[in-house]
Every structure is written in C-alpha cells, then in structure tokens.
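Here's the structure we're looking at; comments come further down.
The values are calculated or read from the model by the stated rules, or taken from the named source; none is laboratory data. Please read all numbers here as calculations on a predicted model, not as lab measurements. All Cβ positions, even for glycine, are placed from backbone atoms using ideal geometry, and neighbour counts span all protein chains on display.
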Amino acid sequence: MTKRISNLTLAFSMIDEKTKSVARRMFATNAVDALLAVLGATVAQYLAGVRNPSIMVSSALGISFVMGVFSGVVATLLVESAEQQAEIKHVEQVMATKLSNTILHRGSLIASIYVALWSGLGMIVMPVIGIAPLLLNMALIIESLDNAVWMTICTIDLQLFCLGAWLGNLAGGRWYTWGLKFLGIGLVVTLIAGLLMR
C-alpha cells in the first residue's frame, strides 16, 4: 500500500511546467469558447422575445455541460493521451525498452487527465458564473429579467476581460491591453448576435 502511494506521488510529481502550460491554455481557450457561446445564445434568445429565465439558463447549462464534458474533457483526454503515447513510443525507441506499467507511463496518464480536467473546468465553471444573474432572477432575488440579462452580458464581458488580463500577465505584457482585446471579442459577439436577430 505504501509503495503504491509512493508510486502515485511520484507519478503526480511528473506534472511538469510544460503540462501545466498546456492545461492553462486549454482552460483559457475553452473558457472563452463556452463564454462566447453562452453570451451569443443569451443575447439571441432575449432579442427573439424569450422572457423565461429558465429557458435561458437551461440553454446556457446545456451548452456549457455538453461542451465541457464531451469537448473539454473527453476529446481533450483522447488527444492528450495520443500525444503522450507518441512521446512514450519515441522514448521507447531511443531506450530500446518497453515502458508500459512504469512510473513514466503512469505519469503520462495522470498528465493527460490533469489537462483534460482543467480543459473541462473552463467550459463548465466559467459560464455557470456568467449566468449567475439569471439564476438570481429565477430565485426572485433580481426581480427584473431585463436587468438580469444585461447583468449577465456584463458579467461575461468582465470574465473575458479578466481571462485576457490573466493571459497578458502570464505573457509579461500589459495586462489591461490583453483584457481589452478579449473584452472586444465579447462585444463583437454581442453585436453580431444582436444584428442577426433584428
């Protein structure tokens, strides 16, 4: 038992900076994808005359969970597993030995799962936070649906700005410039959704 825990700890320690960097990129990219999808859907439904917050919430949750589970977690896990297996095969060829059931093999599996979980997390958690005003409207804490929709749009735009600022800070650039770039994407999506529903 102690040996198994020790091996697992060692496998987890193999989540290196490269893996963490990939996980950050997947989290940010998928979070932006899901936020933009929910933003566009919310604006389109509102302008189409939908005045039932439960419909808007169900649509948003459907988008985030389907994208998060199947695209964010499952697809990412398959892609990352394939990449990790390719790297292991390359190492096997160089070392002229099989690495199955080794710490390196287990570490590659854990790294794939790590990236996939962060990928799905961005697609699920961020949109749920974004539609908080609609959830509060359903709970009658925010009485006006109009206000809830506008607050949802502002919340998602703020999330996009924060994601951009975070990435800009990681890149060593001006965080507010990156934040404004991502905010601009959100505003463009809102405008396009509005124009398509006119």
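Listed here are the residues, each with its yes/no results for (1) at pLDDT 95 or above; (2) under 15 Å from residue 57 (Cα atoms); (3) part of a helix (DSSP H, G or I); (4) not β-branched (Val, Ile, Thr).
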{"site": "86", "(1), (2), (3), (4)": "no, no, yes, yes"}
{"site": "94", "(1), (2), (3), (4)": "no, no, yes, no"}
{"site": "107", "(1), (2), (3), (4)": "no, no, yes, yes"}
{"site": "128", "(1), (2), (3), (4)": "yes, yes, yes, no"}
{"site": "134", "(1), (2), (3), (4)": "yes, yes, yes, yes"}
{"site": "167", "(1), (2), (3), (4)": "no, no, yes, yes"}
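Look at segment 139-162 and say how many of its residues are in a loop (DSSP other than H, G, I, E, B) and on the phi < 0 side of the Ramachandran plot.
Step one: filter segment 139-162 for residues in a loop (DSSP other than H, G, I, E, B), giving 139-144.
Next, from what is left, pick out any that are on the phi < 0 side of the Ramachandran plot: 139, 141-144.
Number satisfying all stated conditions: 5.
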Legend entry - Any chance residue 58 is surrounded by fewer than 14 Cβ atoms within 10 Å (Cβ to Cβ), out of contact with any strand residue (DSSP E or B) (no Cβ under 6 Å at 6 or more places or on another chain) and either at pLDDT 90 or above or among the hydroxyl-bearing types (Ser, Thr, Tyr) (or both): yes
